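All remarks here apply to the structure that follows.
The values are calculated or read from the model by the stated rules, or taken from the named source; none is laboratory data. The shown structure was predicted, so the numbers you read here are calculated from the model rather than taken from an experiment. Neighbour counts run over all protein chains shown; Cβ positions are idealised from the backbone, glycine included.
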Amino acid sequence: AQTVTQSQPEMSVQEAETVTLSCTYDTSESDYYLFWYKQPPSRQMILVIRQEAYKQQNATENRFSVNFQKAAKSFSLKISDSQLGDAAMYFCAYTYSNSGYALNFGKGTSLLVTP
Amino acid sequence: GAVVSQHPSWVICKSGTSVKIECRSLDFQATTMFWYRQFPKQSLMLMATSNEGSKATYEQGVEKDKFLINHASLTLSTLTVTSAHPEDSSFYICSARPSGGYNEQFFGPGTRLTVL
């Protein structure tokens, strides 16, 4: 079974600082994709960043970057220069082609950003 | 681009009634749509995968006779909660995957269902 584990229910970071959210996954698939989604209080799911498993280079999107360790099945999200608007629930998600690309989500990490 | 709408955004109904939730991809065609359920302070759980023109595939533990899914066109999928009970109260979110082998999906804003 494919599982996604987020071991940090809550994290806190000061504005302008850097925070890393952890995610591990378990899979026997070779062709898969990993995502980080942000869910603000509006509950609209927002894609933050994605990583294709076949790519060795870590994905980056402005202040967001990932540390993808394929052998360790780890996919952490680093948020640099944290902003108040980054406060939200963050979900790590996994999908693969044989699932029809349905997403399997972790339990989420609630990120608090303090001034 | 890649906008997905859901209607209604919230609904309150009496126990025993049925509720229909619509999910539309506004600016793209979606061969596949997904329905997720999110209970308070929990993660999203996949309920079913809906493919245009065919029967939906339900996840284990999801009653297909209770949660009726219809995906009659490339831009519309509907979820009908039949004979709703208070335990069906939840946040229902749909997502749509663009046709053409695209592996990303776009989410609707969700529907909050409250069953009294």
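Brief remarks on what is shown
- Selection count where residues are under 15 Å from B:SER54 (Cβ atoms) and of a type in the set (Val, Ile, Thr), scope segment B:68-102: 2
- Top-ranked residue in segment A:41-67 [being more than 14 Å from chain B (Cβ to nearest Cβ) and more than 21 Å from A:GLN8 (Cα to Cα); ranked as surrounded by the most Cβ atoms within 10 Å (Cβ to Cβ)]: A:ASN58
- Selection status of A:LYS70, of a type in the set (Lys, Arg), closer than 30 Å to B:GLN60 by Cα and surrounded by 17 or more Cβ atoms within 10 Å (Cβ to Cβ): no
- From the options B:ALA56, B:ALA48, B:ALA72, B:ALA84, residue that is buried (at least 20 other Cβ atoms within 10 Å of the Cβ), on the phi < 0 side of the Ramachandran plot and modelled with pLDDT under 95: B:ALA56
- Restricted to segment B:1-112, the set of strands (runs of 3 or more DSSP E) holding at least 2 residues that are facing chain A (nearest Cβ under 10 Å) and out of contact with any Pro (no Cβ under 7 Å at 6 or more places or on another chain) comprises B:30-38, B:44-51, B:90-98.
- Count of residues meeting criterion [more than 7 Å from every other protein chain (Cβ to nearest Cβ), surrounded by fewer than 20 Cβ atoms within 10 Å (Cβ to Cβ) and out of contact with any helix residue (DSSP H, G or I) (no Cβ under 8 Å at 6 or more places or on another chain)] in segment A:101-115: 3
- In segment A:70-94, the residues that are within 14 Å of another protein chain (Cβ to nearest Cβ) and closer than 14 Å to A:CYS23 by Cα: A:MET89, A:TYR90, A:PHE91, A:CYS92, A:ALA93, A:TYR94
- Per the conditions (1) under 14 Å from A:THR27 (Cα atoms); (2) assigned to a loop (DSSP other than H, G, I, E, B), the sole criterion not satisfied by A:ASP81 is (1).
- A:LYS107 being of a type in the set (Lys, Arg) and not in a strand (DSSP E or B): yes
- Taken over segment A:13-26, the residue count meeting the criterion of being surrounded by 17 or more Cβ atoms within 10 Å (Cβ to Cβ) and within 12 Å of A:TYR94 (Cα to Cα) is 3.
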